[in-house]
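Okay, so here's the structure we're looking at.
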Amino acid sequence: MEFSESQNLKALVVDDFATVRKSIKAMLLELGFQRVVEAFDAESATKAVSNSDFDLILCDYNLGKGRNGLRLLEEWRHEKLVKQGAVFVLITGDTSKQVVVSALEYQPDDYLAKPFTMDVLKVRIERWFERRKVMLPILVQREAKDWEAVAHSAMSVINKHPRYRTFAQKQYVESMMQRKRYSEAENFLHGLLEKRVQGWAQVELNRIAIERNQLTQAESALRKVILSEPNLTDAYDCLAVALDKLGKKEEQQFVIDQAVYLAPQNIGRLNRLIEVAIENHDFARASQALKELIALSAGTMHESIELYQRYIRSLTEEQDLTESKERKREINKEISTTSQRMKNRFGRDINVRLFNEAISVRSSAEPDSLKFTPRLNDLFAETLECLEEVNGLTALMVSSTYYRADRFADGDDLVRRFSKQFEDDSSILNELTDLQAEPVSLALRQQAHSLNLKGIELYETGEFGQAIEFFQKAMGLSPRHAGIILNFVQSYMKLMQQSGTNQLIVSKCREFLDRLEYLPKDHDQYSRYKKLDKRLMKLQEI
Amino acid sequence: MDIQTLMASTVHDVKNSLGFIESQLTTVVRRIDGQDPASAEELRRIQLECARINNGMVHMLGLYRMQAGQFVPDFDEVLVTDVVEYALSRHTPVLNALGIEVTVTEEGFDGLWYMDSNLVEGILSNVVTNSIRYTHSKLHFLVREVDGWLNISIQDDGEGFPDKMIHMLDQPETLCFHSGATGLGLYFCQQIAQMHTNGERKGYVQLSNREDSKGAIFDLWLP
């Protein structure tokens, strides 16, 4: 669509100030737009774009309460509420593109600083429509993932429209990367870099290096790029990928964190930070980032039950690990306000009810006390009733609550049912398996683990008696861990080889070994378990 | 609330008000232009002052962000004359009304350069705001490449810069509150120019007067 045909064009103006809207609307009408619709907030604007097609959208960044202009752009493009030919321009109050830069996958066509005059608008509008027109074929081909066509169109833009050369160069490189034609992409990038050092081109070169597994080389090159262009968030993301592959998880977290600081609105990156922090057992950072994420997501398409559940889950892990009494109290409060918020927001969903009930039982000092028996019975019944609607996080929280209350049979029962239900979701499935093997908090798991290691050291020096003490302590913390139980039983066997069989000890070993009846055949301790089981049986026969 | 949020929301409010004043003035100017050209001219001067207040707000927030290390330039390759055109379009009505003739010439390169176009547009617009005050009747933009540098040169036909102003760039720390111009705008322009680097080279701005002392020259050099 050319601007010269603007008689037929429709525009939408979104701003929370009526005077600003009126003045922009007047300008657009004078410039020849046929229809100009006004919207004052996120809701009314979304309604407007759902009801009709616009060619131009001028949207203020700051819309008062609720979603900002960028989140609207993201949502509308994602939900395809606006056509691809539509121009979206973000109006910012303080000129700074930097507030919003690289915040999202969907970039606005342009930024416009307030206040602006009609002449500014006139010059820009012509450019915007020309730009969209040039870009449109590439955008359509991208969406269809027709990378060969993207490469072709990008080349044509590079040759015919120098004004949009960088945009087209980036598209060309991406199309080559998508088709794994790394050498071609590399040659192209080297050609660009010979003319001028450009951060984005350096980043892309290193992306290729990572694909080729030249990880340390990519790491040091990307660190250099960041030194000279500290604001290039792509470089941080790429470096994080290299560090991940190198197994440098803590550095990876640090690098993503730096990029999050630069562009705090990028939800995808915040999610990656949370993932890595959890892998690193840095639940304090994970909780904080989840809190930021919830604040950013409020009222947007990113807000979900799972988000609140992830936050509460991270808080419970952090609570078990933190030494600070004050933080423990703070977390209690935070968990209860978050549960309440989740309930206010998604009250009708069964996941909210089950999850909150489980949390409420867990956070009491004695979840295994009799007073919770009826509540746990009800929760169990209700869970079975709506099994199919239960999401992964609810499944994990509810199951772990039964282990916490020492109702192992119920816990195992739930894990078995959920394992079937989530058989296609490997991450939930793995967590369920871990939970069943070690249904205790991470803090306890870690303590048990170090006691177990000490026990193994003693066992290897032949100090079986002392080793048994450590294994027993470890079992006290993590009563169902296969490795620890087998170590305990094996140490006693050794001791009895030296000092003779004692039926009291044999029956004690039997009791512990029977805890492992849940062990699936493909468990890595299964054959060891079977061997010890057989040997113990022989001792019992004597 | 932290100081930056406070400043940003103040700037936001002030700019909304400025936008309103600006559009009201435009309406009034258009209404009275035929009958009372003298008043219309005065109102245009007021509009120009609005633009200066606006620049001041931008500089304040920008410099604060720079000090806090949160000023994030975004570099891309752009058509330089687009940036000039955008900057000029902010001042079209005033330039036309005051009868200032604007020319843009481009010399010998493919016209594309690597820069933060928003920030450079800000610098140029700033210069135009000031030149309108002091020039006689002309404003000339020269865009060219010299030894691997981009030079955007803006010449007017006014009285030229006072010596004090020219020396201000040598001692950027001494902001002067006694003369009418504090030099803050100039300092801001210099900072923005310096954020543009290419290898060892760093951008800068330069003030000079024409040899025939018939006008001021503002030069922006970007590597």
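The values are calculated or read from the model by the stated rules, or taken from the named source; none is laboratory data. Worth saying up front: this structure is predicted, and the values here are computed from it rather than measured. Here the Cβ is made from the backbone with ideal geometry for all residues, glycine too, and neighbour counts use every protein chain on show.
Per-residue answers, yes or no, for (1) in the same structural domain as B:Val146 (by TED's automatic domain parsing); (2) hydrophobic (A, V, I, L, M, F, W, C); (3) farther than 15 Å from A:Phe116 by Cα:
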residue: B:Leu25; (1), (2), (3): no, yes, no
residue: B:Gly34; (1), (2), (3): no, no, yes
residue: B:Leu63; (1), (2), (3): no, yes, yes
residue: B:Thr81; (1), (2), (3): yes, no, yes
residue: B:Asn96; (1), (2), (3): yes, no, yes
residue: B:Gly99; (1), (2), (3): yes, no, yes
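Among (1) surrounded by fewer than 19 Cβ atoms within 10 Å (Cβ to Cβ); (2) within 11 Å of chain A (Cβ to nearest Cβ), which single condition is B:Ser39 missing?
Tallying (1) surrounded by fewer than 19 Cβ atoms within 10 Å (Cβ to Cβ); (2) within 11 Å of chain A (Cβ to nearest Cβ), B:Ser39 fails exactly one: (2).
Quick grid of which residues meet (1) among the small types (Gly, Ala, Ser); (2) crowded, with 18+ Cβ neighbours inside 10 Å; (3) without any contact (Cβ under 8 Å) to a residue 12 or more places away in the chain; (4) in contact with an Asp or Glu (Cβ under 9 Å, 6 or more places away or on another chain):
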site	(1), (2), (3), (4)
A:Met176	no, yes, no, yes
A:Leu192	no, yes, no, no
A:Arg196	no, no, yes, yes
A:Glu204	no, yes, no, yes
A:Arg212	no, no, no, no
A:Thr233	no, yes, no, no
A:Ile267	no, yes, no, yes
A:Leu273	no, yes, no, yes
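Is there any pair linking a residue in the stretch B:136-149 that is over 21 Å from B:Asn126 (Cα atoms) to one that is in a strand (DSSP E or B), with Cβ under 6 Å and at least six apart or on different chains, and which?
Short answer, once both residue conditions are applied: B:Trp149/B:Trp221.
When you scan the stretch A:12-26, do you find a residue that is surrounded by fewer than 14 Cβ atoms within 10 Å (Cβ to Cβ) and away from every other protein chain (no Cβ under 14 Å), even just one?
No - not one qualifying residue is present in the stretch A:12-26.
Looking only at the stretch A:113-135, count how many residues are more than 8 Å from chain B (Cβ to nearest Cβ) and of a type outside the set (Asp, Glu).
Residues flagged as more than 8 Å from chain B (Cβ to nearest Cβ) and of a type outside the set (Asp, Glu) within the stretch A:113-135 amount to 9.
Return the total of residues in the stretch A:507-534 being part of a helix (DSSP H, G or I) and exposed (fewer than 14 other Cβ atoms within 10 Å of the Cβ).
8
Going by the conditions given, is B:Val58 more than 12 Å from every other protein chain (Cβ to nearest Cβ) and closer than 20 Å to A:Leu121 by Cβ?
Taking the combined requirement at face value, the residue does not satisfy it.
Please identify the pairs in which a residue from the stretch B:195-207 that is over 21 Å from B:Arg65 (Cβ atoms) and away from every other protein chain (no Cβ under 14 Å) has its Cβ atom under 8 Å from the Cβ atom of a residue that is small (Gly, Ala, Ser) and part of a strand (DSSP E or B), counting only partners at least 6 apart or on another chain.
Note: pairs meeting the criteria are B:Leu207/B:Ala216.
Within the stretch A:27-45, can you find the residues that are in contact with a helix residue (DSSP H, G or I) (Cβ under 8 Å, 6 or more places away or on another chain) and part of a loop (DSSP other than H, G, I, E, B)?
Residues satisfying the conditions are A:Leu31, A:Gly32, A:Phe33, A:Gln34, A:Phe40.
Taking the stretch A:438-471 on its own, how many of its residues are among the aliphatic types (A, V, I, L, M), in contact with a His (Cβ under 7 Å, 6 or more places away or on another chain) and buried (at least 19 other Cβ atoms within 10 Å of the Cβ)?
1
Filter the helices (runs of 4 or more DSSP H) completely within the stretch A:136-240 down to those with at least 2 residues that are farther than 22 Å from A:Gly268 by Cα, touching a Ser or Thr at 6+ places or on another chain (Cβ under 7 Å) and away from every other protein chain (no Cβ under 14 Å).
A:147-160
Using the structure shown, decide if B:Leu98 is more than 15 Å from the chain's Cα centre (by Cα), within 25 Å of B:Phe20 (Cβ to Cβ), more than 8 Å from chain A (Cβ to nearest Cβ) and touching a residue at least 40 places away in the same chain (Cβ under 8 Å).
yes
With the condition kept exactly as written, say whether any residue in the stretch B:111-129 is more than 12 Å from every other protein chain (Cβ to nearest Cβ), outside any helix (DSSP H, G or I), touching a strand residue (DSSP E or B) at 6+ places or on another chain (Cβ under 7 Å) and of a type in the set (Gly, Ala, Ser).
no
Quick check, is B:Thr92 within 14 Å of chain A (Cβ to nearest Cβ) and closer than 29 Å to B:Asn209 by Cβ?
Spelling it out, B:Thr92 is indeed within 14 Å of chain A (Cβ to nearest Cβ) and closer than 29 Å to B:Asn209 by Cβ.
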